[in-house]
Amino acid sequence: MPYDPSPLSRDAAKTLCEIVRDLESGKAEYDSPRSAARVLRDLHELAEHLPQILVRTSAAVDRMARDRDDATSVSRVIGEAATTATNLADQLRQAHEAAQDVRGR
């Protein structure tokens, strides 16, 4: 029997929130441009998976709530989010590539 993926997405969200908190508080900081480039690489990898997750989520909502009028509008909004996620993945790839060329002092 398939498992519910929501705990995994919750864990990923918690991890990203922790990174933001630690960077904002000064508990964490990048030690080199290469370190920042690695984070951009990892964020790109995460973003690459978002469109597929969103498309599958949209299909699941549609399947589970097919008889509800709002299921179609929810699926449309999720589809728009998938398009935005694709654009984000492209931008993060470009940012990672650019950051790889930056040298430290």
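For the chain, what is the calculated [θ] at 222 nm in deg cm²/dmol (nearest 500), taking -39500 (n - 2.57) for each run of four or more DSSP H residues and dividing by its residue count?
Taking each H run of at least 4 residues, the total per residue is -28500 deg cm²/dmol.
Please identify the trypsin sites (Lys or Arg not before Pro) of region 5-61 that satisfy two criteria: DSSP loop assignment and at most 12 other Cβ atoms within 10 Å. Which are they?
K27
Between 0 and 90 degrees, rounded to the nearest ten: what's the tilt of helix 6-25 against the longest Cα principal axis of the chain?
30 degrees
What residue among L43, L16, L88 shows peak mean-square fluctuation when the chain is described by a Gaussian network model with Cα springs under 10 Å?
Maximum among the listed residues: L16.
For helix 33-64, report the angle its Cα long axis makes with the longest principal axis of the Cα atoms of the chain; keep it between 0 and 90° and round to the nearest 10°.
So the helix axis and the longest Cα principal axis differ by about 0 degrees.
Note the full-extension length gain between Y3 and T86 as 0.36 nm times their separation in residues minus their Cα-Cα distance, in nm to one decimal.
Gain on stretching Y3 to T86: 27.3 nm.
As I understand it, the dipole of the chain uses +1 on the Cβ of Lys and Arg and -1 on the Cβ of Asp and Glu, about the Cα centre. Which of A95, P33, H44 lies farthest toward its positive end?
P33
Does region 1-53 come out rounded, prolate or oblate by the C-alpha gyration tensor, with a ≥ b ≥ c the root eigenvalues, rounded set by a/c under 1.5 and, if not, prolate when a/b is larger than b/c and oblate if not?
oblate
Sort out for me the Cα centre separation of region 1-47 from region 56-95, rounded to whole Å.
Each part reduced to its Cα centre gives a spacing of 22 Å.
Under the rule a/c < 1.5 gives rounded, and otherwise a/b versus b/c splits prolate from oblate, where does the chain land using the Cα gyration tensor?
Taking the square roots of the gyration eigenvalues as a ≥ b ≥ c, the chain is prolate.
Fully extended, how many nm does the chain gain between H49 and D31 (0.36 nm per residue separation, minus their Cα-Cα distance)?
Using 0.36 nm per residue and subtracting the Cα-Cα distance, I get 3.7 nm.
Please work out how much length the chain gains when fully extended from R38 to K14, using 0.36 nm per residue of separation minus the C-alpha to C-alpha distance, in nm with one decimal.
So the chain would gain 6.7 nm between R38 and K14.
Cα axis of helix 70-100 to longest principal axis of the chain: angle in degrees, 0 to 90, nearest 10?
Taking Cα atoms only, the helix is inclined about 20 degrees.
Given Cβ point charges of +1 (Lys, Arg) and -1 (Asp, Glu) and nothing else, what value in debye, to the nearest 20, does the dipole of region 16-105 about its Cα centre take?
Roughly 160 debye for region 16-105.
Quick note: the coordinates plus some simple rules give every number you see, no bench work behind them. A quick note: this is a predicted structure, and the numbers were derived from the prediction, not measured. As a convention, Cβ positions derive from the backbone with ideal geometry for all residues, glycine included, and neighbour counts pool all protein chains shown.
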